[in-house]
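All of the numbers you see were taken from the coordinates with simple rules; none came from a lab. Not measured: the values here are computed from a predicted model. Note that each Cβ is placed from the backbone with ideal geometry, even for glycine, and that neighbours are counted across all protein chains shown.
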Amino acid sequence: MTETIEEGRRDAKRRATRTSLVTAARSLTARHGVQGFTVEQLCEQVGVSRRTFFNYFATKDEAILGAPADELPADAVAAFLAGGGDEPFTGDLAGDFVELLAAAHEGAALTREEHVALHRALVAEPRLLDQLMERGRAMEERMAALVAEREGLAADDPRARVAATLLGAVGQAVAMRFFSTESVTSFRDEAAPDLQALRDLRLTPRP
């Protein structure tokens, strides 16, 4: 029991350190550009060593962008692949897809304020958009692979790719609304109308 509590504290400390580095990196980038500050200056602002920084990130760019887009919690991935049955995963592909995205957002601990900071950093350094888009493509490929595995489809089955693209677009739209408003709703609640609209659509011709 004591070991579990201690491990929880260490995890919380690691998350806090990572978040502090990301927040400071984005703030410095928005004010000075990527080349306008050093790793040492970033570490000094956060109060950590240079070695600690490189325990979390390989470059300043990585610190600015934060957690990679394809970092999905292992337990959520396992529940998604199992096809639901354990709350909050229900067996509905669209709903479970959103649950997986919600778990990723929660794992990244990205707040609205941090999203604004990222936007400001990207405005200051547009070249980072290319890296962000590449992360998006990697995320879509991984989600397509997960959908294929869950549904028992071949890895190159176009249905898995189309499903991941469609559901990913819904997830992106939900995320944009979630982070751009002062709403106190959860990511899941924000996604509910979109999921219902998706289910109401007739995506195949009527007989």
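Rounding to the nearest 20 debye, state how big the charge dipole of the chain is about its Cα centre with +1 on each Lys and Arg Cβ and -1 on each Asp and Glu Cβ. Each step should come with its number before you reach the end.
Values: 25 positive and 33 negative charges, 140 e Å.
Dipole magnitude for the chain comes out near 680 debye.
Arrange Glu114, Glu190 by Cβ neighbour counts within 10 Å, fewest through most, would you?
Details: Glu114 17, Glu190 20.
Least to most surrounded, the residues fall as Glu114, Glu190.
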- Provide the net charge surrounding Leu81, with neighbours chosen by a C-beta distance below 9 Å and charges set as Lys +1, Arg +1, Asp -1, Glu -1. 0
- Query: Just for the Cα atoms in region 1-64, what are the lengths along the principal axes, largest first, rounded to whole Å?
  - Reply: 46, 19, 18
- Using only the Cα atoms, what convex hull volume per residue in Å³ does the chain have? 159
- Quick one: Asp156, Asp61, fewest Cβ neighbours within 10 Å first, how do they rank? Asp156, Asp61
- Computed from the beta carbon distance with a Förster radius of 25 Å, FRET efficiency for Arg15 and Leu129 to the nearest 0.05 stands at 0.45
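Just to confirm a number: summing +1 for Lys and Arg and -1 for Asp and Glu over residues other than Arg161 whose beta-carbon lies under 11 angstrom from that of Arg161, what do you get? Spell out each step's value before the answer.
Numbers: positive: Arg159; negative: Glu140, Glu141, Asp156, Asp157.
Taking every other residue near Arg161 into account, the sum is -3.
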- Task: Using only Cα atoms, find the angle between the long axis of helix 128-151 and the longest principal axis of the chain, and express it within 0 to 90 degrees, rounded to the nearest 10.
- Result: 40
- Identify, among Ala144, Phe37, Gln131, the residue whose Cα sits farthest towards the positive end of the charge dipole of the chain, taking +1 on the Cβ of Lys and Arg and -1 on the Cβ of Asp and Glu, with the dipole about the Cα centre. Phe37
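As a footprinting exposure proxy, order His115, His105 by other Cβ within 10 Å, with the fewest listed first. It would help to have the intermediate numbers written out before the result.
Numbers: His115 17, His105 20.
Ascending number of Cβ neighbours within 10 Å: His115, His105.
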- Note on the structure: In whole Hz, the Karplus estimates of ³J(HN,Hα) for region 25-33 (6.51, -1.76, 1.60; θ = phi - 60°; x where Gly or Pro) are 4, 5, 5, 5, 5, 4, 8, 10, x
- Task: Report, in whole Å, the centroid distance computed from the Cα atoms of region 20-49 and region 112-140.
- Result: 16
